[in-house]
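Participant: Starting off with a structure, shown below.
Bear in mind these aren't lab numbers, they're just calculated from the coordinates by the rules spelled out. None of the values given here were measured: they were computed from a predicted structure. Ideal geometry is used to build each Cβ from the backbone, glycine not excepted, and the neighbour counts take in all protein chains shown.
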Amino acid sequence: MANELNLSNIFGSVTQQLAQKQETLNEADDYNHNHGDHMVQIFNLIQGAVSQKQDQPVAEQLGYASKVVKEQANSGSAALYAQNLSNAAQKFSGSELKPDMLGTLVQSLLGVEKPQPAPQPKQTGGFLGSLLSSLTGKKQTSQQGQGLDLNDLLQVGMAFYQSKQEGDNNTQAIMDALMAASPIGQSAHRAQSGSVVASTILDFAKSL
């Protein structure tokens with residue numbers, strides 16, 4: 001039976017996956033060894049918050065979840081996700097949650113923002129260009145001045161190349177590239193949990 005597309009179901013799935021990997025995420029945290037605990041707490045709070053506001057617009061659900069996480073969780077990861085939820089609320093203002101918006105939800109939660117337009121002498125095509133476009137939300141174009149951001153291209157492209165060199169499949173390689181473009185990916189344990197969050201949401205779309 002297909003899952004109903006709503007934030008409560010999405011974040012419930014994320015919480016379940018994080019709980020299954022809680023100990024692994026704790027072990028990946030070289031500092032306090034409690035990152036898994038924090039992530040489960042954060043997404044439990046998020047899921048509970050959006051459940052309370054299910055009859056409200058998506059933007060209001062996300063905004064309320066941001067407030068709850070900010071007030072009830074005090075970890076560094078909680079601060080990041082509270083801010084990203086607030087950004088997500090702005091992006092979903094006036095919009096409904098649809099399957100083709102799940103990518104936007106992932107980008108918002110991970111803090112992957114669209115780069116500012118910058119003049120580019122050449123355009124980047126092929127797979128990496130398509131990959132970067134999907135991550136940044138920027139369409140490829142032949143017009144000068146609207147090309148792909150070079151710094152993002154190098155960052156995402158190198159992460160994808162390295163991941164493939166290490167024998168990862170395409171899905172894992174794309175997750176690695178996504179983490180490379182996200183502030184959350186700047187620490188290894190947060191990158192690991194961020195991949196769980198992203199992959200769970202994207203997998204949720206397959207069950208619709």
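Participant: Could you pull out the pairs from K67/K91; K21/K91; K21/K206; K21/K98 whose alpha carbons sit more than 25 Å apart here?
Facilitator: Table pairs above 25 Å Cα-Cα are K21/K91; K21/K98.
Participant: Another question about this same structure. Once you place label points 7 Å from the Cα toward the Cβ at N34 and Q52, how far apart are they in nm?
Facilitator: Distance between label points: 2.3 nm.
Participant: Continuing with this model, one more query. Quick check: residue separation of E23 and N74 times 0.36 nm, minus the Cα distance between them. What number comes out in nm?
Facilitator: 16.4 nm
Participant: Under a plain spin-label model, where a point goes 7 Å from the Cα along Cα-to-Cβ, how far apart in nm are K67 and E4?
Facilitator: Output for this residue pair reads 2.4 nm.
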